[in-house]
Structures are given as C-alpha cells and as structure tokens.
Amino acid sequence: MAIIKTLALTKNYGKIEAVRSIDLNIEKGEIFGLLGPNGAGKTTTIGMLCTIVRPTSGSASIAGCDVIKEPARVRRKVGIVFQDPTLDTVLTGRENLELHARLYGIPAAIRGKRIMEMLELVDLQNRSNDLARTYSGGMRRRLELARGLLHRPAVLFLDEPTLGLDPQTRARIWEYIKKMAQTEGTTVVLTTHYMEEAQQVCGRVGIIDHGRIIELNSPDALKESMGGDMVVIKVKEPKLEEIRALPYVSEVRENDGLVEIIMKQSHLHLPDLLAHIRNVESVEIRIPTLNDVFIKLTGRDIREDSVEDSGSWVDTVARYRQRGS
Amino acid sequence: MGEKRIRRELMGVYAVWWREFKVFQREKSRIVSSIVQPLMWLFLFGSGVGASVSVSNINYQDYIYPGILAMMVLFGSVFFGLYIVWDRKLDVLKAILVAPVSRLSIFMGKVLGGCTDVTLQIVILFCFAFLFPSVNPWGIPQALLLLFITSIALVSMGLALGSLFESLEGFQLISSFLIFPLFFLSGALFPVDDKLPGWLTGLVKLNPLTYTVDGVRGALLHVNIFPFYVDLIVVTFFAAVMFVLGSILFSRMK
C-alpha cells in the first residue's frame, strides 16, 4: 500500500511554476530519493507533503490523511529534518528532544524512555546534557534526525540531510539514516544533490527538474538505461564506423580528439575493443552514475548551479560530456 | 474540539512556555542588566533630579518608582516579543511551527513565557521596595496584577511587530518611534496635572501605559488620577486588543 500518494500536485508562486503536476506513489518502508538541481522544486514538494506549503492544485495524502483537509493529522504522522539547521542551540540536546516530545504530545510516562532510545540510536547519550551550541555540525544533524523520529512518524522527510558536512561525516549520517529507517520501520523521503550518496541509500529515486518528475526508478535501472559503461579513448585517426559496428557498442562519438564509446560490460569486451582500434594512447573507463543519468535526461549537471563542486575527475568528465552532447 | 485536542494544545502552550523559561534561566547576564538599568534610573537619575524636586510631598525617587516598574515592563515585554525576528532568522521557530500544535497555542506559550520573564524581573525589583520609604508594601499584589496584564499587552504587541518584520533593522525604528514615546508619555517621570501643556496632557491620556503607571502609583503611593478600576479596565482592554491582534499577525506569519 502506498503511504504517500500525490495526484497532480502543483504549486505556483505567482507566475513561477515551482511544482508542476507531480504524481507519486511511495510505498511503506521505502527510502525514496528526490533528486534535482537547486530550484527544481524538491523543497516545495516536501513542504506541501508536510503541510507547510499549501498546494495550488492537486492532492496529496500521507498514510491516508489528506494534506489539505487534515493538516493536523498529517503533521503528527511526519517527521522533518530541514535543510538549514533548526536546533535550539540555547537548549541541551536532551532539552531539544523534550521540547519536541511535548509539542508532539508524547505522554510524560514514555517520554524519558523514548528520548533515551533516540539519543542512543544517534550515539549522543554522552553529550545529551551539553548545550546544542557546543555540538559539531555532524552531531547537530544527528540530533535533528533523532528529533525527527522521536514521535514515531510514519514518514521522515530529510531535506538535504548531508549538505555542508564533510565527506566522512556525510558517510556516517547516511549510515545512521539507514539504521534508523530499519529499526523504526520508517518510510524515508529525502532530497540530495550528492548523487553517489543517493544511489547507495535509495531504493528508488525520482529525478525532478523544472518542477516535473522526469524519471522514476531504482538507481540500478536508471543506470542501465544509460546503455552501458562509457569508455573514453584517445587515438589518432579513429575509425568510428568500424567501432560502431561492434555488437557490444551502443553509441560512439568523437569529441575534441577523444572517442567516447558507450558499451555493455566493458570489463569483458574492452580487450577486444582495443584490439580493433590499435594505436591507443590512453583509455578511461567510466561506470555510469546517477549524475550521468541526470545529465542525459536534463542536459545539465545537477551541481551546475550549486556552489559546491567536488572537483573530482568524475565531475570534470561529466562537464566535458555535457559540452559535447 | 475534543478533550484530547484541548489537552494536546495545552501541552503545546506549556512546551513553548517551558522553552522560554529555560532560555530565561540561562541568560543570567540579561537578567542582571535588566535589573541594574532600572536601579540606575532610580538611584542615579532619581537622586539627581530628586535633589531639587519633589512631587505631592513625596520624594522624587519614590515618586518615579512605579514609573520605572512600568518602564521595565515596557522594554522587557516589547523586546521579548520582537526577539522572534531573531528566532526566525536562526530558524529556531521553524521546527516549532511545523509541529501539530496550532499557531494560537504557540503564540500563547510565547506570551506567557515573556510575561513570566518580565514578572520575575518585577518581583526582583519589588525586593528593593524597602529602599523607598513612601512605598506601601501592601499595595504590591495589586501593582503586580496590573503590571502582569500590561505585560500581556506589550509582549503581544512585540510579537505582532516581530511577525511583520523580516530583519532586525526595524528594532531601532520601533525603539525610537514607539517604545520611547510610550515611556515618556506615560507620566512615569512626571505628574500629569494642570501644569502640563494641553497637547501633552492629551497625548498622555491616550497612552495606555499611563493607566498602568497611574494604577501602580495609586497602589504603592496612594497618588492617582483615576480610580484603580478604571486603570484596570483600560489596561485589560488594551491587553485583549493586543492579544487578538498579535495572534492574528502571528498566525499569518510566513
């Protein structure tokens, strides 16, 4: 049974169409990723599902409760971790959870135990009586995750849960998220523009661009839709036609003196390919990532308008590819 | 509205109040400065002016004691309310606003939190009452009641303004064009009698804070223009209007 259902969900801000007619069905227990560049409509979509943003048209329900007609019931069923930190830094870690427990009407009898449980889950029990302002970025995020799950929501929304954290901390946060989703049996809907991370965590991803979901599938299926791995070869006088004729090659292109070949199972067929081409100066193999899928679908890099850039060769090649296509 | 719903909302009011109280306890320097400032008014300003001035045969320091109490309520309450601009900037409010508690309950929790802060400060200042020989200690409960209601009005007003402003730049404006005029036109520092120019008397009588000062002065010094019940009615009415206005603006706040 779908725990989140949306039907033609739409939000306009004046003339700007932030979210255009989104239909989603997210199953109970799923970790679902909403991927897209800044301004694609991810946060607005989550906002509507959490009843913070009022939809212009269409409908959405969470665990059978309509977000427009029964916002109070929806609010009790969802937990949210916002993109920007929203901890009360004047309170201690435990007090933050206490405040939240009261706001969500968790009875006094089970409050203490539940708070302890969540603190343990995110390994903050030893720091729980320190003011949140003394916490590191990663600890603050963990406390927010604990807060989001405190009232046992059916769905936990995470808006860019690892934004602004260093890579090591990011990896740990994802571990916590997976662990929490498992122990609590919570459905998780997250947004991120760290594609590599999304493909490790999410069971399914929806790619959103200009307010529309343009593709929705498992990360593996999406990567398969790319037609195979990409091999970039530097060679003098390439015989493109000959390469194209090979049975395992699905696409060939020349770009700035480099030959880009999309092929299936490169680990098996590469020796044969190189035997056909000869005089190869260099070879680079790229296994497709979700980022490549994104570029193929939108013609843009997901991080294009973002300040962050890993600077890795993956991005460089991605940019390069994008220019070529 | 079921009983369960009401209980949940009350728990929400309590949660917000509890948060404000925790913050109040932690900000000791703020409490100290909020006490020291009125004491400076009383002892430095009061003694200075009092050296050559007395009002209705009462020593000037004693005369302005009720006025300074009202000033404390004014500044403390309005700034407490305005502080939500800062809370919003730091996104502290965001997590609270998304909870399954109505905006009205959150607003009530905030108002009660602010009133608690201010009332505790007033109680501390009442501990110094023995330094002012003309002050009648039996009038303190009556004075406290009036100051508490005034605080409801002014915290609500601060929250109403805070809901409208997006940045802290409005603080200076509010302080110059609202708080100081309310203070100077309240009769906190001078008697409202026929020696005042007519235009000033008019403005003073329009100022709701005048009735707080008058009521408190009546309770503590037996010097008053209006009967206590008039002061009480005016201040309560002011509080009701501000509370309704504040809760509406707070509910509409983005």
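Summary of computed values
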| item | result |
| --- | --- |
| Some residue of the stretch A:144-154 being free of Cβ contacts under 8 Å to residues at least 40 places away in the same chain and away from chain B (no Cβ under 14 Å) | no |
| Wholly enclosed helices (runs of 4 or more DSSP H) of the stretch B:16-95 bearing at least 1 residues within 13 Å of chain A (Cβ to nearest Cβ) and out of contact with any Phe, Trp or Tyr (no Cβ under 6 Å at 6 or more places or on another chain) | B:28-40, B:84-89 |
| Meets criteria (open to solvent by less than 10 Å² (accessible area, probe 1.4 Å), in contact with a Leu (Cβ under 8 Å, 6 or more places away or on another chain) and of a type in the set (Gly, Ala, Ser)) for A:Gly36 | no |
| Qualifying positions in the stretch A:50-67 - part of a loop (DSSP other than H, G, I, E, B) and either touching a strand residue (DSSP E or B) at 6+ places or on another chain (Cβ under 7 Å) or within 7 Å of another protein chain (Cβ to nearest Cβ) (or both) | A:Cys50, A:Ile52, A:Val53, A:Pro55, A:Thr56, A:Ala63, A:Val67 |
| Residue satisfying all of: in the stretch A:130-144; in contact with a Ser or Thr (Cβ under 6 Å, 6 or more places away or on another chain) and in a helix (DSSP H, G or I); surrounded by the fewest Cβ atoms within 10 Å (Cβ to Cβ) among these | A:Arg133 |
| Filtered residues of the stretch A:76-122 (kept if touching a strand residue (DSSP E or B) at 6+ places or on another chain (Cβ under 7 Å) and open to solvent by 30 Å² or more (accessible area, probe 1.4 Å)) | A:Lys77, A:Gln83, A:Thr89 |
| Listing of strands (runs of 3 or more DSSP E) fully contained in the stretch A:184-280 that carry 3 or more residues being in contact (Cβ under 8 Å) with a residue 60 or more places away in the chain, under 30 Å from A:Ile4 (Cβ atoms) and in contact with a strand residue (DSSP E or B) (Cβ under 7 Å, 6 or more places away or on another chain) | A:187-192, A:204-209, A:212-217 |
| Any chance A:Gly41 is at pLDDT below 95 and away from chain B (no Cβ under 14 Å) | yes |
| Test: A:Arg127 is within 13 Å of another protein chain (Cβ to nearest Cβ), open to solvent by 50 Å² or more (accessible area, probe 1.4 Å) and touching a residue at least 12 places away in the same chain (Cβ under 8 Å) | no |
| The listed residue being part of a loop (DSSP other than H, G, I, E, B), more than 18 Å from B:Asn207 (Cβ to Cβ) and open to solvent by less than 20 Å² (accessible area, probe 1.4 Å), out of B:Pro100, B:Pro133 | B:Pro100 |
| B:Leu178 open to solvent by 40 Å² or more (accessible area, probe 1.4 Å), part of a helix (DSSP H, G or I), aliphatic (A, V, I, L, M) and touching a helix residue (DSSP H, G or I) at 6+ places or on another chain (Cβ under 8 Å) | yes |
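The values are calculated or read from the model by the stated rules, or taken from the named source; none is laboratory data. Treat the numbers as computed from the prediction; the structure is a model and nothing was measured. Cβ atoms come from the backbone with ideal geometry, glycine included; neighbour counts cover every protein chain shown. Only protein heavy atoms, including side chains, enter the accessible area calculation; ligands, DNA and RNA are left aside. Shrake-Rupley method; radii C 1.70, N 1.55, O 1.52, S 1.80 Å.
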